[in-house]
Amino acid sequence: MANRAQPDYTEIGVTVITSEFQVKGKLRILGMIGTFLNDEQKPTLVIYGAEMVQMEANSRIRVTKDEVVISKSAAQVVAFDTLPQQGSIALLPRTESLAMYLDHFALSAKFYMGQDARINDFADTSLQQFLIASDIKFYPTFQAKPGLVQTAPMGVIHKAAIRMYHRP
């Protein structure tokens, strides 16, 4: 029996924020990051070597698993531990610094958008479900457990998780 070739993937350290949990581990990406994350034919993300913690300060839930499957619609933020390799992510030409509010976090970041994008509606009119951001800073709006992600050099924010935003 012949060995089947494994698909070529890039592994990147990530922290995924959902409404209740932070999941830290490795994400295996096939092809370009934006294409992989925004592929609606693949509705889940698999985090390998995952440590999952509930974010509330008084929660004791901490689980370590070889694999954790997260629905893309539940992934509010996918924060990259390091900058992705050059050429693995396509960035739109214009950046805008914005403060953004999700259900349990405020964050500040530089968001990438098209030259003609209007700040008023760039998130809602985007054809992609995840918006690329860099220099991300997280500010929990609840009593958070120590050790939650505080910064990320780059990541993506699910546009459905965005409640409001403004220029700083």
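Each reported figure results from applying straightforward, stated rules to the coordinates on display, with no laboratory input. Bear in mind the structure is a predicted one, so any value in this text is a computation, not a measurement. Cβ coordinates were reconstructed from backbone atoms using ideal geometry, including for glycine residues, and neighbour counts include every protein chain displayed.
Structural remarks
- Here the residues VAL16, VAL23, ranked from fewest to most Cβ neighbours within 10 Å of their Cβ, fall in the order VAL23, VAL16.
- Proxy reagent accessibility, fewest Cβ within 10 Å first, across MET154, MET52: MET52, MET154
- For region 10-166, the tally of Lys pairs with Cα-Cα distances below 13 Å comes to 5, considering only residues 8 or more apart or on different chains.
- Contact order relative to length of the chain, as percent, for alpha carbon pairs under 8 angstrom and 6 or more apart: 23
- Structure-derived Cα Rg over 2.2 N^0.38 Å: which label, when the choices are [x] 1.05; [y] 1.15; [z] 1.86: [x]
- Förster radius 45 Å - calculated FRET efficiency between TYR101 and GLU67 (Cβ-Cβ, nearest 0.05): 0.90
- Calculated FRET efficiency for the pair GLU11/ASP135, C-beta based, R₀ 25 Å, to 0.05: 0.60
- Likely footprinting exposure, ILE132, ILE89, ILE119, fewest C-beta neighbours within 10 Å first: ILE119, ILE89, ILE132
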